[in-house]
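Have a look at the structure below before the remarks.
The values are calculated or read from the model by the stated rules, or taken from the named source; none is laboratory data. These numbers come from a predicted model, not from an experiment. Here the Cβ positions follow ideal geometry from the backbone for every residue, glycine too, while neighbour counts run over all protein chains shown. Accessible surface areas use protein heavy atoms only, side chains included; no ligands, DNA or RNA. Shrake-Rupley method; radii C 1.70, N 1.55, O 1.52, S 1.80 Å.
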Amino acid sequence: MSWWRSAVFYEIYVRSFQDTNGDGVGDLPGITERLDYLNDGTPASLGVDALWLTPMYPSPMHDFGYDVRDYRDVDPLFGTLADLDRLVAAAHRRGIRVILDLVPNHTSHEHPWFVASRASRTAAVRDWYIWRDPARGTGPPNNWVSVFGGPAWTWDDATGQYYLHSFLPQQPDLNYRNPAVVRAMEDVIRFWLDRGVDGFRVDVVHKMIKDAELRDNPPSDPDDRDPVRHFGGMQHLYDEDRPEVHDIIRGWRRLLDRYGERMMVGEVYLFDPDRVAAYYGDASDELNLAFNFRFLWSTWDAEAFRIRVGEMERLLPAGAQPTYVLSSHDAPRHRTRFDDAMHGGARARLAALMLLTLRGTPFLYYGEEIGMRDVFIPAERVQDPVGKRFPGLGRDPERTPMQWNAAPGAGFTHARTSWLPLADDASDVNVARQLHDPDSLLSFYRRVVWYRKTAPALLSGSYHALDSAPDTFVYARESVEQRLLVALNFASEPRRVDLPLRASGHVVLATDRSRAGSVSDAVTLAPAEGVVIAL
Ligand code: GLC
């Protein structure tokens, strides 16, 4: 079985994991220092199998690294290329894979390609980006809007044309209709694979190709005469998810496969699950994995989770592997989203038990294993361009420094201030506090992650949802060797879950550590309690 099918991935927001040089920003040597926490080969560590590093390339940081100035180097803020090589080697010695964030849709406006493209209309690389004359007199070429708000076109005075940017004006979109661009990005892919990285998380992969004629998007609401106010105001028929994108992905997959055990997981930020599923191709020729973000947008509702899982199980081509994620650097943390006055802590455990026992590849987000919450960011400390434009909607709250211990810098930094504020509760909610407490959330994550490695039904078994009481989510995971029943109670009251007819078994995992022993006929779960029963 390919390693990425059984792996638990861990997303590291590089700026916020561990600072070693005292500038208040995380760096690559910091990650190397913390590898034993992530997986030292024993159940004392978290046990994750693969790391996804957010962009560490040289960047003017308008979008914190998602605006790349040089695809083949490391920003001095994070270290050097040699630091990255050391990190990858040290991770590999521990059996941990490392994937990088490939950002192909756009570069920084400071990337030499864009600088050259912008220099004149006749530049050899003019066509590497999407330049157009004004339409409708003096206006932008069409009605597309940026994901981050405002028009997706910026006027360039020097050469008298507009250029396209799906995100910030400092992130011009590359033109993948030009084969030279496809080849240039393949060179980047080769550069990193030759250096030994295990693959890529591919940023907004569904956006890489736009409509050849750049047609206007229709409004979401037919009566809306001015859909150009925000991204949700229009149907994104022409500025993303175009059929030709699959040709590029197939080419990249062929390239990856030539290297053997490498992989790519794509950020297909689309709402419709069938459109996401299409990015797997026939399950062997496009993305190895595509993110399924539906849990990020789900409320605390057993039925909603069951439906979301069921639709992916139904839609994916045979042989394709689903993915699940509860939190990321682009969405509020689930410890906060799923919080409630009484059961917040229990819900975090239940959600983790679900994430790690579904059929699929789970992606953890740094800090979720200790229950990190979103952090309030005062207006004067907002960093995210989205937060600056839309107060209250920025992504800083979920990007704050990792909480390692109760020291003033939370063990993250020796600097007096970190790039984003630390959580107020960092002296309470931290790794040091939870590491030796068998009842902590961290200990629970470790138990489940390490159990998973030994459980064939979880690693490769089938998934089958069972009918169950309201507010519960019950499923079977079965392989030749093993049959497991996962029973999760989302209710704030106890719920009885019946075992399949005449079945009995014993508890192998439970959100409540005191629950153990054998079960027959039925089990009554406490509020927000979950168990895994071996039948
Ligand atoms: C992706 C990234 C996000 C970034 C955007 C533009 O959605 O996850 O953080 O801002 O792409 O690159």
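A few comments on the model shown:
- Net charge dipole size for the range 19-175 [Lys, Arg +1 and Asp, Glu -1 on Cβ; Debye, nearest 20]: 520
- Local electrostatic count, Ala465, Cβ distance below 14 Å [Lys/Arg +1, Asp/Glu -1]: 0
- For the chain, the fraction of 1.4 Å probe accessible surface lying on carbon and sulfur atoms is 51 percent.
- Rotationally averaged projected area of the range 404-521 (alpha carbon convex hull; nm²): 10.3
- On a per residue basis, the chain carries 38 Å² of accessible surface, using protein heavy atoms and a 1.4 Å probe.
- Angle between the chain longest axis and helix 81-93 axis [Cα atoms, degrees, rounded to 10]: 20
- The residues packed around Asn430, meaning those with a beta-carbon under 13 Å from its beta-carbon, carry a net charge of -3 if Lys and Arg are +1 and Asp and Glu are -1.
- Summed residue charge, Cβ within 9 Å of Gly160's Cβ, Lys/Arg positive, Asp/Glu negative: -2
- With Cα atoms, 0 to 90° folded angle of helix 344-357 axis to the chain main axis: 80
- Taking N as the residue count of the chain, its C-alpha radius of gyration divided by 2.2 N^0.38 Å amounts to 0.98.
- Built from the Cα atoms of the range 1-121, the convex hull projects on average onto 8.9 nm², one quarter of its surface area.
- The convex hull defined by the C-alpha atoms of the range 226-291 has an orientation-averaged projected area of 4.9 nm².
- Taking Cα atoms only, the orientation of helix 245-258 departs from the longest principal axis of the chain by about 70 degrees.
- Ranked by the mean number of other Cβ atoms within 10 Å of their residues, highest first, the peptides 119-126, 176-183 fall in the order 176-183, 119-126.
- Karplus-derived 3J(HN,Hα), 6.51/-1.76/1.60, for each residue of the range 65-79, Hz, glycine and proline x: x, 7, 10, 8, 8, 8, 6, 10, 8, 10, 5, x, 4, 9, x
- When +1 charges are put on Lys and Arg Cβ atoms and -1 charges on Asp and Glu Cβ atoms, the dipole computed for the chain relative to its Cα centre reaches about 880 debye.
- Set of aspartates and glutamates near Lys210 by C-alpha distance (under 16 Å), chain-local residues within fewer than 8 positions excluded: Asp127, Asp173, Asp239, Glu240, Asp241, Glu244, Asp247
- Note on the range 1-104: with charges restricted to the Cβ of Lys and Arg (+1) and Asp and Glu (-1), its dipole about the Cα centre is near 420 debye.
- The amide H of Glu11, built 1.01 Å from its N in the peptide plane, has Trp52, Leu364, Tyr365, Tyr366 as neighbours under 5 Å, considering only residues 5 or more places off or on other chains.
- Note that the range 153-230 shows a convex hull volume over its alpha carbon atoms of 150 Å³ per residue.
- Value in Å of the Kirkwood radius, where the range 361-418 supplies the Cα pairs that are averaged: 12.8
- Over the range 302-356, the Kirkwood radius and the radius of gyration, each from Cα atoms, give a ratio Rg/Rh of 1.03.
- For the range 173-217, the spread of Cα positions along the three principal axes, ordered from largest to smallest, is 42, 21, 10 Å.
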